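Here's the structure, in structure tokens; my notes come after.
The values are calculated or read from the model by the stated rules, or taken from the named source; none is laboratory data. Given the structure is predicted, the values throughout are model-derived calculations rather than measurements. Glycine also receives a Cβ, built like all others from the backbone with ideal geometry; neighbour counts cover every protein chain displayed. Ligands, DNA and RNA are excluded from the accessible area calculation, which covers all protein heavy atoms including side chains. Shrake-Rupley method; radii C 1.70, N 1.55, O 1.52, S 1.80 Å.
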Amino acid sequence: MIKRRLATAGTVAAIAATVLLFGGVLHESPSAGTRTARPATADPDRLQTGFGSGDTASLLRSLQETLRANPTDVHSYDLLGLAYQQRARETGDPSYYQKSEGVLRRALRLAPKDLLATSGLGSLALSRHRFRDALTLGRRAQRLSPWTARNYAVIGDALIELGRYEEAFAAFDKMAGLKPTLSAYSRISYARELLGDVEGAESAMRLALDAAIGQPEALAWTHVQLGKLFWSVGRLGAAAREYRAALAAFPGYVYAHDALARVEEARGNLRRAIALQRRAADAVPLPQFVGALGDLHRAAGDQAAARKQYALIGAIERLLRANGVKTDLETALFNVDHGIRLPEALALARVSYADRPSIEGDDVLSWALLRNGRCGEALRFSKRALRLGTLDASKFFHRGMIERCLGQDAEAKRWFRRGLALNPHFSVLWAPVARKYAS
């Protein structure tokens, strides 16, 4: 049923691809790269795509001036709230989330049924990893306007993180039927990837590439996503070509630098990898960039530099939490991977699983249980993490470690070999361990 629905959605998208060459992107797609000096466009559709459309800082000042002159202008509050979210994506500064929430709630006090403020708060909840709130807001927006495609994006994204996959895919299908854009194509691609359909995911992402023509940053983002799809199945050269195409489309794009760092590490070029990863982390200090830089330093034997980056992650996560972002799952995974306060990490993984019962929540909890020596319980959650047929070398590795802990050496080797066959460079930290135990 799920696969048939997604195939239908892909057909709808293909029919419209030659006509509709613009659209949005998944909520977690931040904007970063070379900034332009031209004024940003005060267009709600563009502001909700997750891509820059000019000088967002200037747009913020312009909207603030407008509201000082007319403090009951609901539409300007809407635009300002969305522009604050865009600025958070551009800078990695989560304090803009607080500002966005304030002005969007002001808009709703003035106009309780305002669609843009409602869906904007839904997007904000997604960015803060508050997925139950996002689902509530997305459905409220849907009731206000059942024919607005972006409402189904908020609903579907929230349902994915809540582990309600069939409902999520139905929302993406509805979205694609209403407005088959880059945003719809990329979601269809991700859904197919979750189901282990890499070929179908690639096909949908190529439609997204067509839809991104004429939008440099959107094009760069889409090249990076396609490259990551190739990377996940070990197609190193194809991935590298996509990442370089992203930099050609949008010079300085930090997500391409981050991705290329993985390629350089896989090729044994640690100094080049560290330089690329540092460039990404310095531009937008996201925990995943900083953590990756620490891991690269560790792989290069520079433990002091690694510890410095790992310590910085704690400060970033405190800042995120202070601005309403839930980081339980990501913090638990980092601490489990790095052997930090493992009993506390397990408790945090349990909390995050209750809040976010997706296959990612299953996998992190299984890994935390394994690292705390609770192998039998870990196996149950590892099986759940693989229930969709997702091709993920890290999840295969975790399963191998669990089987090894249970004394099932032959089964463990099968999982290690399966992960390495899929992507021999899946982790700076753990791929060498998989190679050791697979032999």
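For the reader, a short list of remarks on this structure follows.
- Near T72: Cβ cut-off under 14 Å, other residues only, Lys/Arg at +1 and Asp/Glu at -1. The net charge is 0.
- Under the criterion of Cα pairs below 8 Å and six or more residues apart, the relative contact order for the chain equals 13 percent.
- For region 119-242, accessible area per residue (1.4 Å probe, heavy atoms of protein chains only), Å²: 32
- Estimated 222 nm signal from helices in the chain, with DSSP H stretches of n ≥ 4 weighted -39500 (n - 2.57), rounded to 500: -23500 deg cm²/dmol
- Counting every alpha-carbon pair across region 199-294, the share separated by more than 16 Å comes to 54%.
- Charge dipole of the chain (Cα centre as origin; +1 on each Lys and Arg Cβ, -1 on each Asp and Glu Cβ, all else neutral): 580 debye, rounded to the nearest 20.
- Region 83-101 residues near the modelled R109 label - backbone nitrogen below 19 Å, point 7 Å along Cα→Cβ: 84, 97-101
- In the chain, the portion of solvent-accessible area held by carbon and sulfur atoms comes to 53 percent [1.4 Å probe, whole percent, DNA, RNA and ligands not counted].
- For region 264-323, the spread of Cα positions along each principal axis, largest first, Å: 38, 21, 14
- Cα centroid separation - region 342-406 against region 94-118, whole Å: 37
- Per residue, the convex hull spanned by the alpha carbons of region 120-259 comes to 111 Å³.
- Surface accessible to a 1.4 Å probe, K436 within the full protein complex, Å²: 140
- If only the Cβ of Lys and Arg carry +1 and only the Cβ of Asp and Glu carry -1, the dipole of region 302-348 around its Cα centre is close to 180 debye.
- Taking every lysine pair in the chain that is 8 or more places apart or spans two chains, those with Cα atoms closer than 19 Å amount to 8.
- Note that region 249-388 presents 42 Å² accessible area per residue, ligands and nucleic acids not counted, probe 1.4 Å.
- Local electrostatic count at W147 - Lys and Arg +1, Asp and Glu -1, tallied over other residues with Cβ under 14 Å: +4
- Note, ³J(HN,Hα) from phi for region 260-277, Karplus 6.51, -1.76, 1.60, rounded to Hz, x at Gly and Pro: 5, 4, 5, 5, 5, 4, 4, 8, x, 9, 5, 5, 5, 4, 5, 4, 5, 5
- Cα long-axis angle, helix 287-299 against the chain (0 to 90 degrees, to the nearest 10): 30
- The angle between the Cα long axis of helix 303-322 and the main principal axis of the chain comes to about 40°, on a 0 to 90 degree scale.
- Across the chain the C-alpha pair distances fall into 20 Å bins from zero in the proportions 25, 60, 14, 0 percent.
- Long-range HN-HN contacts of D55 with modeled amide H, under 5 Å: R38, A40
- Cα long-axis angle, helix 342-355 against the chain (0 to 90 degrees, to the nearest 10): 40
- Extending 7 Å from Cα along the Cβ direction at L319 and again at Q98 yields two label points whose distance is 1.3 nm.
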